[in-house]
Every structure is written in C-alpha cells, then in structure tokens.
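**Student:** Pasting a structure below so you can have a look.
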Amino acid sequence: MDAAQHTRVVLLTGDGKGKTSSALGMVLRAAGNGLCVCLIHFIKQRQDTGETAALRRFPEVEEHFCGRGFVARPSPARLAEHRAAAAAGLALATDKLRAVDVGMVVLDEICGAVALGLIAKDDLLAALRQARPGQIVVLTGRNACPELMALADTVSRIECVKHGIDAGWPAQRGVEW
C-alpha cells in the first residue's frame, strides 16, 4: 500500500501503563524524521510533566491540553466543563487532521473521552474520516470502542501485569509524570 495515499491510524489501548508513553515515542520518531506533529491531550490537564518539558525543545511538536483532569463522578456542572473542553479538543483535532503541514496527529486519551461520553463516538469517527492522505493518526486510551479498532491499521493492547502503585509506590517523577 502506498503510504502517501492512505491515512495511517495507530490505536494504543488497554488497562496497562504505557499507552501515552508509546505514543510519545512515535512523536519523537516523527519529529526526528522532520514531520510536524500535533499532540492533543483529552481529559489530562497537568502540564508540569517531564514529557511536556522535553517536548518544548522540539519546534516541530505542538502540544495542546483539552481536558479538565480525570473524570470521577463529576457534578452536572463539572461534567459540562469536561464535555466543552473535549468538544474544543475535537474541533482542534479536526482542523489538524485536515492540515497539509501536519504529518502526525496524536489524540491522547481520546478512547477514554469517548467511553466516558465526553465525545460522541460518531463525531470522532467523522473527524477521523477527514484526515488527509499520508497523515499518521495515533489514538490512545483505555476502553477503545470496536469501531475505532476496526478503523485502525495497527492496534496494540497494553496489558497491566503488575504495577508499582498497587505495591505502595507513589506516582514518581520520571515514571508516572
């Protein structure tokens, strides 16, 4: 298949640690190959992480935070804030998916945003159909729906075998953030 004529979609899902980390490895590889990359975070809003500090060193990479933090039993008003932020992120993603100068678009935690009802699955699928040929699209997050799995060219399920937090390790700089 001619990569210039096809949009490549990579989906990283599952309950294990490493979905965003894997996507960041792809961002690094793309930037190293001269591609302009747009990384859009859904749900997440924390910007004081090591990866964000590192990405600022790459002019080829633009990073956007379109989340209001993790969603756990929010009030109706807070849920509306989450949905509005996700909608703004999807609008930005749609623009970047159409952009001729953007070689890779990463939609981090997009699967979770769909699973939580922050974004309608059909709206995301419609946006993904607008991606230009030759573009690479990376989707991450738990609970990927079957339609996204069917759309993707490559699907990796990251499985948690064991995690340090379960053994009492606190979130650690350089590992979790």
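The values are calculated or read from the model by the stated rules, or taken from the named source; none is laboratory data. The model shown is predicted, which means the values in this text are computed figures rather than measured ones. All Cβ positions, even for glycine, are placed from backbone atoms using ideal geometry, and neighbour counts span all protein chains on display.
**Student:** Can you tell me which residue among VAL137, VAL114 is touching a residue at least 24 places away in the same chain (Cβ under 8 Å) and not in a helix (DSSP H, G or I)?
**Tutor:** VAL137
**Student:** Specify the residue that is modelled with the highest pLDDT; the eligible residues are those in segment 35-70 that are touching a Gly at 6+ places or on another chain (Cβ under 8 Å) and surrounded by fewer than 16 Cβ atoms within 10 Å (Cβ to Cβ).
**Tutor:** GLY50
**Student:** Here is a follow-up. Could you grab the pairs with beta carbons closer than 6 Å, sequence gap of 6+ or different chains, first residue in segment 16-38 and at positive phi, second one at pLDDT 95 or above and not charged (D, E, K, R)?
**Tutor:** GLY18/ILE158
**Student:** Here is a follow-up. Quick one: how many residues across segment 117-134 are in a loop (DSSP other than H, G, I, E, B) and under 28 Å from ALA80 (Cβ atoms)?
**Tutor:** Counting residues in segment 117-134 that are in a loop (DSSP other than H, G, I, E, B) and under 28 Å from ALA80 (Cβ atoms) gives 6.
**Student:** Could you list, in sequence order, all residues of segment 1-31 that are in contact with a Lys or Arg (Cβ under 9 Å, 6 or more places away or on another chain) and among the charged types (D, E, K, R)?
**Tutor:** Within segment 1-31, ASP15, LYS19 meet the criteria.
**Student:** Here's a follow-up. Scan segment 96-104 and give yes if some residue there is closer than 30 Å to GLU159 by Cα, surrounded by fewer than 18 Cβ atoms within 10 Å (Cβ to Cβ) and either without any contact (Cβ under 8 Å) to a residue 40 or more places away in the chain or of a type in the set (Lys, Arg) (or both), otherwise no.
**Tutor:** Within segment 96-104 (the criterion being closer than 30 Å to GLU159 by Cα, surrounded by fewer than 18 Cβ atoms within 10 Å (Cβ to Cβ) and either without any contact (Cβ under 8 Å) to a residue 40 or more places away in the chain or of a type in the set (Lys, Arg) (or both)), the answer is no, since none of the residues qualifies.
**Student:** Return the residues of segment 1-23 that are within 23 Å of ILE119 (Cα to Cα), in a helix (DSSP H, G or I) and not polar (S, T, N, Q); say none if nothing qualifies.
**Tutor:** Scanning segment 1-23 gives LYS19, ALA23.
**Student:** Now a separate question. Could you list, in sequence order, the residues of segment 9-47 that are touching a Ser or Thr at 6+ places or on another chain (Cβ under 6 Å) and of a type in the set (Val, Ile, Thr)?
**Tutor:** VAL10, THR20
**Student:** Go through segment 135-156 and give me each residue that's over 14 Å from GLY112 (Cα atoms), in contact with a strand residue (DSSP E or B) (Cβ under 6 Å, 6 or more places away or on another chain) and surrounded by fewer than 17 Cβ atoms within 10 Å (Cβ to Cβ).
**Tutor:** Correct list: ASP153, THR154, SER156.
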